[in-house]
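Data first, discussion second: the structure below is written as structure tokens.
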Amino acid sequence: MRIGILGGTFNPIHIGHLVLAEEAKESLKLDRVIFIPAFMPPHKNSSSIINPDDRLQMVCLAVQGNDAFEVSDIEIRKQRMSYSVYTLRDLHKQYGKGTGFFLITGSDSLGELTSWKNIQEVFRMSQFVVASRPGFPVKDVPSQIKVVLITPLEISSTQIRRKIREGHSIRYLVPDPVRGYILEKGLYRDKNPGK
Ligand code: ATP
Ligand code: MG
């Protein structure tokens, strides 16, 4: 079995993530893609990150209706910051031999590779995949990494949080059930978060 892993903060999940998962799945002939929200993202300032259960819930709402998409709380239930290398070790134990893992990232991750924990072990345990993301040119790619070109969508969670804060519509940038959840719970309206 070929399984894609899409980790992220998903603060909140948006259609850029969903198109990334769908097109990576098609291009790499994956059987499924598992979305894994991080408890805390290792690479960024955490002040604008809302609680993990809301982020997890929104990812579940977003993948509803796609049988090939799954959500795992493997990182969130640890209740502490984690790294992909630990998650991959756990998944290898869980799935055993015969399963190949594809770690899917956007091209912004290329600039951060040196800060990944045990990156060589990550490369051994999975096929590292970088998908094109507007604003982050795919260049100087290490030979272990597979590049996938996807539909360019210049959307980020940062931009969505800003829109909410400024009272703008996020309709069609996130799946409707996610928009409903955000509105109902009044998420991201704080005028004074990190960014
Ligand atoms: P933030 O602005 O808060 O960093 P984000 O939009 O970058 O949010 P993340 O949760 O950080 O979302 O991203 C999870 C993964 O999805 C990362 O590997 C990221 O590169 C990738 N990704 C996010 N948005 C896109 C996009 N529009 N196109 C391609 N890849 C994307
Ligand atoms: Mg990001």
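The values are calculated or read from the model by the stated rules, or taken from the named source; none is laboratory data. None of these values were measured; they are calculated from a predicted model. All Cβ positions, even for glycine, are placed from backbone atoms using ideal geometry, and neighbour counts span all protein chains on display. The protein model used for the area step is the full one, side chains on, heavy atoms only, and it has no ligands, DNA or RNA in it. Shrake-Rupley method; radii C 1.70, N 1.55, O 1.52, S 1.80 Å.
About its Cα centre, segment 116-158 has a charge dipole of approximately 100 debye under the convention of +1 per Lys or Arg Cβ and -1 per Asp or Glu Cβ, with nothing else charged. With equal scatterers on the alpha carbons only and no solvent term, can you work out the Debye log10 of I(q)/I(0) for the chain at 0.14, 0.15 1/Å? At q = 0.14, 0.15 Å⁻¹ the computed log10 ratios are -0.79, -0.92.
For the ranges 94-105, 119-130, what's the packing order if you count other beta-carbon atoms within 10 Å of each residue, average per peptide, and put the highest first? Don't jump to the answer; show the numbers that get you there.
Numbers: 94-105: 15.8, 119-130: 17.8.
Ranked by mean Cβ neighbours within 10 Å, highest first: 119-130, 94-105.
Sorting the segments 4-11, 163-170 by their residues' average number of neighbouring beta-carbon atoms within 10 angstrom, most packed first, yields 4-11, 163-170.
Assigning unit charges at the beta carbon (Lys, Arg +1; Asp, Glu -1) and nothing else, what dipole magnitude in debye, to the nearest 20, does segment 32-147 show about its Cα centre? Don't skip to the end; give the middle numbers.
Working: 14 positive and 11 negative charges, 67 e Å.
The calculated dipole for segment 32-147 is roughly 320 debye.
Can you classify segment 25-97 as rounded, prolate or oblate using the Cα gyration tensor, where a ≥ b ≥ c are the square roots of its eigenvalues, rounded means a/c under 1.5, and otherwise it's prolate if a/b beats b/c and oblate if not?
Numbers: a/c = 2.00, a/b = 1.28, b/c = 1.56.
Note, shape of segment 25-97 comes out oblate.
Between 160, 74, 39, the Cα set farthest toward the positive side of the dipole of the chain (charges on each charged residue's Cβ, about the Cα centre) is that of 39.
DSSP beta bridges confined to the chain are antiparallel in about 5 percent of cases.
Remark: the chain carries a charge dipole of roughly 380 debye about the Cα centre, counting +1 on each Lys and Arg Cβ and -1 on each Asp and Glu Cβ. Ellipticity at 222 nm from helices only: DSSP H runs of n ≥ 4 in the chain, each -39500 (n - 2.57), divided by the residue count, give -10000 deg cm²/dmol.
Please compare each pair in 25/117; 25/93; 78/139; 97/139; 93/146 to a cut-off of 31 Å on the Cα-Cα distance and tell me which ones are over it. If you can, show how the numbers build up before the last one.
Working: 25/117 25 Å; 25/93 23 Å; 78/139 35 Å; 97/139 33 Å; 93/146 24 Å.
In this structure, 78/139; 97/139 lie more than 31 Å apart at Cα.
Taking all protein chains together and rolling a 1.4 Å probe, residue 32 ends up with roughly 60 Å² accessible.
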